[in-house]
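The values are calculated or read from the model by the stated rules, or taken from the named source; none is laboratory data. Here the structure is a predicted model, which means the values were calculated and not measured. Here the Cβ is made from the backbone with ideal geometry for all residues, glycine too, and neighbour counts use every protein chain on show.
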Amino acid sequence: MSKKLRIGALASGGGTNLQAIIDRCADGSVEAEIVVLICNNPGAGAIARAEKAGIETVTIDHRSFDDRTDFDKAIVAALQQAEVDLVVLAGFMRIVTETILDSFPNRVLNIHPALLPSFPGLHVQQKALDYGARFSGCTVHFVDSGVDTGPIIIQAVVPIFDDDTEDSLAAKILVQEHKIYPRAIQLFAEGRLRIENRRVIIDPPLANEDVALINPPLR
Ligand code: GRF
């Protein structure tokens, strides 16, 4: 049997995406193992989730670094120490710079709670509502040096209804995040993701499902 993909996860918050990945690794639908969780926030709920799953946790508090590069170097050192193959950002609220990207080229993934390239950045559920979009969703992408600009691997779409709030929309999107992040990681683990220009080609391809969504409905 080939060696399992070794994941290093970076998180700042509650860690529900981390949990989804832990669970899918445990049930075998993702052929990988999270070998380290690095947290910049000592109070993050993600830490308890990782500990419960027996995953090594490392806290690297950005506030104890004067220099941004030194913070990133500390993260790289912890990832290398754990012999990580893939870095997964799971609600990591710091911008990832070249120090990390150059150490893991095309090996850093992120999940974003909007349909990129619409609504990059923060507070994007509220931004989608305020804009009057009829759909939003989530995106798993490779991380590049921009903010939420890297090549897109997988997206899920959810409808926005007139009575949606920021919280209700975030909750709907989160349900889909927990499905598509493990899926993207499994495609990576299978070696099926190839980046051509900025497109991610899935090779061998998956069956296309040619489904159009319309909101509000035609009748
Ligand atoms: C998610 O909405 C994710 O898309 C965004 O931050 C949130 C993290 O949630 N990047 P959790 O910590 O995984 O619960």
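Pairs are defined by a Cβ separation below 9 Å, a sequence spacing of at least 6 or placement on different chains, a first member in the range 56-70 that is part of a loop (DSSP other than H, G, I, E, B), and a second member that is surrounded by 15 or more Cβ atoms within 10 Å (Cβ to Cβ) and of a type in the set (Phe, Trp, Tyr); the pairs so defined are Ile60/Phe71; Asp61/Phe71; Phe65/Phe71. Is it the case, given these coordinates, that Leu101 is assigned to a helix (DSSP H, G or I) and either modelled with pLDDT under 95 or crowded, with 18+ Cβ neighbours inside 10 Å (or both)? In short, yes.
When you check Ile34 against the structure, is it loosely packed, with under 15 Cβ neighbours inside 10 Å, among the β-branched types (Val, Ile, Thr) and not in a helix (DSSP H, G or I), yes or no? Answer is no for this residue.
Is it the case that Arg24 is under 17 Å from Phe188 (Cα atoms) and within 16 Å of the ligand (Cβ to nearest atom)? When the stated conditions are applied, Arg24 passes them. Val96 fulfils the conditions (1) at pLDDT below 95; (2) crowded, with 20+ Cβ neighbours inside 10 Å; (3) in contact with a Gly (Cβ under 9 Å, 6 or more places away or on another chain) except for a single criterion, (3).
Under the condition of being closer than 18 Å to Ser145 by Cβ and surrounded by 15 or more Cβ atoms within 10 Å (Cβ to Cβ), the residues counted in the range 51-72 number 2.
Of all the numbered requirements in (1) assigned to a helix (DSSP H, G or I); (2) within 15 Å of the ligand (Cβ to nearest atom); (3) of a type outside the set (A, V, I, L, M); (4) out of contact with any helix residue (DSSP H, G or I) (no Cβ under 8 Å at 6 or more places or on another chain), Gln19 misses one, and that requirement is (4).
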